[in-house]
1. Could you state the accessible area per residue of segment 103-143 in Å², with a 1.4 Å probe and every protein chain left in place?
2. Using 0.36 nm times the number of residues separating residue 120 and residue 258, minus their current alpha carbon distance, what extension gain do you get?
3. Of 188/215; 76/124; 147/188, which sit over 19 Å apart, Cα to Cα?
4. Can you compute the modelled spin-label distance between residue 251 and residue 318, with each label point 7 Å from Cα toward Cβ, in nm?
5. Taking amide H atoms as placed 1.01 Å from N in the peptide plane, list the residues 5 or more away in sequence, or in a different chain, whose amide H sits under 5 Å from that of residue 163.
6. Taking a cut-off of 14 Å between Cα atoms, list the aspartates and glutamates near residue 401, but don't count ones fewer than 8 places away on the same chain.
7. Which whole-Hz ³J(HN,Hα) couplings does segment 361-368 yield from phi under the Karplus relation 6.51 cos²θ - 1.76 cosθ + 1.60, θ = phi - 60°, glycine and proline marked x?
8. Determine, for each peptide in 118-129, 343-354, the mean count of other beta carbons within 10 angstrom over its residues, then list the peptides with the highest first.
Amino acid sequence: MFSTFKLGPNIFWGSLLKRSFGNSLTVFNSNPSNKSNDLLKQPLMIYLHWPYCKSKCTYCNFNKYINPRPDHERMKKTLISEINHYVQKYDMKGRIIHSVYFGGGTPSLALPSTFKAVLNTIAKEFTLPSNVEITMEGNPTSTETKKLQEFHAIGINRLSLGLQSLNDSELKRLGRDHTSREAIDALKESQKIFGENVTFDLIFGREGQTVEDWKAELMHQIIFLYMNLQSRKEHRKFKKPSPDHMANLYDTTLEITKRYGFQQYEVSNFQRNEKYSRHNYGYWSGLDYLGIGPGAHGRLTDSETGMRFRTIRRLYPEEWMSQCEETGEGQYEQMNLEDVKKELVLFGLRTKIGIPRARFRKYSSNQELEKNRTVRYDNNEWMLNDFREEVQDGGLRPTDKGLAVIDEIVPRIIY
């Protein structure tokens, strides 16, 4: 049985705003006693980008390139050299790793030996806990499925599969290079290898898709597969469903996920049994993350000044590898305090937990989130256990109705 579920972002909020929702944000206070800073310590996340794909999908606008014969050895050396460069430049030696994520592109097209060398470097330079979450994205083609056991053997313990649909005609229209049969076989094999730590993506809002079509497909996935769901904006010019129709699809998703025991913990994510994505939650909760690879972004804290800054890599793999070979890294830019606060609001309000006061103080030079409104929040059904200590001093969080239109609310707060 799988315990993670994911719905996609940013498609339908405009229509939902027209509905009468009342208050959309709640300032919550919790028991101020037994405060602890243990959960406020900041470990480091690492994102690694593998930019190559077999083909281009019609909906995808990620940084990816078609290259059937990439230089695996050069990619491996450059990924490792960039990690080593940042360890030395920013005094990261021994820092505790929160999570590692291999994204793309299609990382499952890489050689397992490449990622093994990268993970060995991370283990050498950082503190890598035995239970750390290490995720890899992959496609459910028969060729890539055969390699899953090798990836698991080198330490990858969570898999995110790009299914998008189980309808062969829809897969062809979306530009996918696998069949529905291969998708089902890949899911079964993934379950044997990774257990509960498997997620997959599905797209809703496809042209001509009705609410009943989506309801039937969604119920089939939850009941039979217990997997991860994601909707994305299609990059190709298909006919867009109306905002109201997309809102109805979203409402249907909330209804069915709740019926089968999934808890919504972010505007686009659902989980069971505390099997949420720790890596993604790190982005939303303000953790530092090291971005490695072409086009990868990072957010780090200077150990001497305490100031945060972003790192930005060159997009094209050849240019990125050449720059790393010459200088060791990509570009970077300083973040001012207003940037930091806007980021905390932008990402924090996407989650059910919202923005704890303690977190806001930590990253904003001890500024207060708010001082006057003190609405007590006593219902903790939405709370993930890992964050109960962090919210002891309360904070600002969206209501269920506010979460549905959060893309309309946030710009009014930060701009």
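The values are calculated or read from the model by the stated rules, or taken from the named source; none is laboratory data. None of the values given here were measured: they were computed from a predicted structure. In this analysis, Cβ positions are derived from the backbone assuming ideal geometry, glycine residues included, and neighbour counts consider all displayed protein chains. Areas reflect the complete protein model, heavy atoms only, side chains present, ligands, DNA and RNA absent. Shrake-Rupley method; radii C 1.70, N 1.55, O 1.52, S 1.80 Å.
1. Numbers: 1420 Å² over 41 residues.
Using a 1.4 Å probe on heavy atoms only, each residue of segment 103-143 averages 35 Å².
2. Values: separation 138, 0.36 × 138 = 49.68 nm, distance 4.04 nm.
Length gained between residue 120 and residue 258: 45.6 nm.
3. Working: 188/215 23 Å; 76/124 16 Å; 147/188 14 Å.
Beyond 19 Å: 188/215.
4. Label at residue 251, label at residue 318, 5.2 nm between them.
5. Counting only residues 5 or more places away or on other chains, the set is 201.
6. The qualifying aspartates and glutamates are 251, 255, 266.
7. For segment 361-368, the Karplus-derived couplings read 4, 4, 9, 10, 6, 6, 6, 8 Hz, x marking Gly and Pro.
8. On the way: 118-129: 17.2, 343-354: 21.7.
Going by the mean number of other Cβ atoms within 10 Å, highest first, we get 343-354, 118-129.
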